[in-house]
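Heads up, the thing below is written out as structure tokens.
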Amino acid sequence: RVEIFLRGLHPERVELDDVRGALTDRFFEEIPEGGGGGSIRDVFPDPAEVPSLLLNGGMFEVSLSKIFRADRPQTVTLGTLRLVPLGGYWVHVEADLESPLLGRWTVRGEADLDTGALRLRIETDRPLWITPELREALAPALQGVYDRYLPGGVCDIRVRVDQEAGGRPAVSVTLLARDMTLTYRPFPYPVTDAQGEIEFRADGFRVKDMRARHG
């Protein structure tokens, strides 16, 4: 169901209910390099006419080969997704998602519909359990990371995505261990009761404060 609320002859707000879709590798493969020839300015020459967008509920099948095994697509349930104009072509982004495997997540941030610049913060909404079941759903490369550290237990995860206009996204992932077990393969001594914080970036990682027990 779609509702369009008008202000004069221009849409002020668009609402969609129970959206269904799929997010696959093909979606990204069909995006031309450089963002293609279209622009939000072609649709809304005046940024003051950009409407707000609200998605009320929905379900998506996610099958991205760099994250999940090809034979294990994951279902993600959408609570709400809001895009609210902030001025110019910038919009505020707010969403909540849930997956049977990955739990509940929140998304907050801002994005420029014109230049592609964005600032997003994606976080677990409740503690996430790391289990062997999670490993089985991951793509082979991520299974290799799992096998190197053999993580298990409870943690929170925070993902930060920042991108300047015309640039590439900078992504960092912070893992906040609450009560985890780890066994680093080249140093095979299991540790338990691991607590603390590790930040992973494209060029490495930083241990901010970790405590654990062995024996």
field: Value of Rg/Rh across segment 119-215 [Cα atoms, Kirkwood radius]
entry: 1.00
query: Using a basic spin-label model with each label point 7 Å from the Cα along Cα→Cβ, how many nm lie between GLU49 and ASP18?
result: 3.3
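Which length gain, in nm to one decimal place, applies between GLU197 and ASP162 when the Cα-Cα distance is subtracted from 0.36 nm times their residue separation?
Length difference between fully extended and current span is 10.6 nm.
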- prompt: Of the heavy-atom accessible surface of the chain (probe 1.4 angstrom), what whole percent is carbon and sulfur?
  reply: 56
query: Taking Cα centroids, how far is segment 126-147 from segment 50-96 in Å?
result: 22
- prompt: Just how much of PHE200 is accessible, in Å², when a 1.4 Å probe is used and the result is rounded to the nearest 10?
  reply: 80
Per residue accessible area of the chain, 1.4 Å probe, in Å²: 63
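Want the number for ARG72 to VAL84: 0.36 nm per residue separation, take away the alpha-carbon distance, what's left? Working shown, then result.
Working: separation 12, 0.36 × 12 = 4.32 nm, distance 3.39 nm.
So the chain would gain 0.9 nm between ARG72 and VAL84.
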task: Determine the distance separating the Cα centre of segment 160-180 from the Cα centre of segment 99-123; give it in Å without decimals.
output: 11
task: Give, rounded to the nearest 20 debye, the magnitude of the charge dipole that segment 72-215 has about its Cα centre when Lys and Arg contribute +1 at Cβ and Asp and Glu contribute -1 at Cβ.
output: 380
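The values are calculated or read from the model by the stated rules, or taken from the named source; none is laboratory data. These numbers come from a predicted model, not from an experiment. We place every Cβ from the backbone using ideal geometry, glycine too, and count neighbours over all the protein chains shown. With ligands, DNA and RNA removed, areas are computed over all heavy atoms of the protein, side chains included. Shrake-Rupley method; radii C 1.70, N 1.55, O 1.52, S 1.80 Å.
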